[in-house]
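Values quoted throughout were computed directly from the atomic coordinates according to the rules given, and no laboratory measurement underlies them. The shown structure was predicted, so the numbers you read here are calculated from the model rather than taken from an experiment. All Cβ positions, glycine included, derive from the backbone under ideal geometry; neighbour counts span all protein chains shown.
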Amino acid sequence: DDSTASATASAPASRSGGGGGSSSCGDDFGGVEPHVAEAGCDLQDKFGLRVTGIGYSDFHWDGMDLDVWTTDVRLGNQVRDYAVANYDVEYTCWQDLYVNYVHGWEEPCPGHMDHVHITFL
């Protein structure tokens, strides 16, 4: 798939972000962990999409999750592939498919047709 190659063209300097401090775009996405906020800024900048974190969903309580909003399947695939290639991602939910990259399994995850859910390590 050529979308993976184009999505990974400009990777950030660090896969897992860094220590404390504010994120590069100044948004903490509701108080997510600093390395997750850095990833959110990078995804927002690279893809021009709305990114949400804590406070948007009941499932986002520990500061390790982001949602990147799009209904465009190709663009969502690029977001997912870019995040997995450039950050330490535990799992994603997109197009109603839950993919766990740590344990290597997939299962349905309803309600994920309009955003890519990303849980970071």
Given 0.36 nm per residue, what is the gain on full extension from Arg74 to Trp61 after removing their alpha carbon distance, in nm?
1.8 nm
So what are region 45-121's ellipsoid semi-axes, whole angstrom, largest first, if each one is the square root of 5 times an eigenvalue of the alpha-carbon gyration tensor?
16, 15, 13
To the nearest 20 Debye, how big is the dipole of region 23-112 about its Cα centre, given +1 on the beta carbon of each Lys and Arg and -1 on that of each Asp and Glu?
320 debye
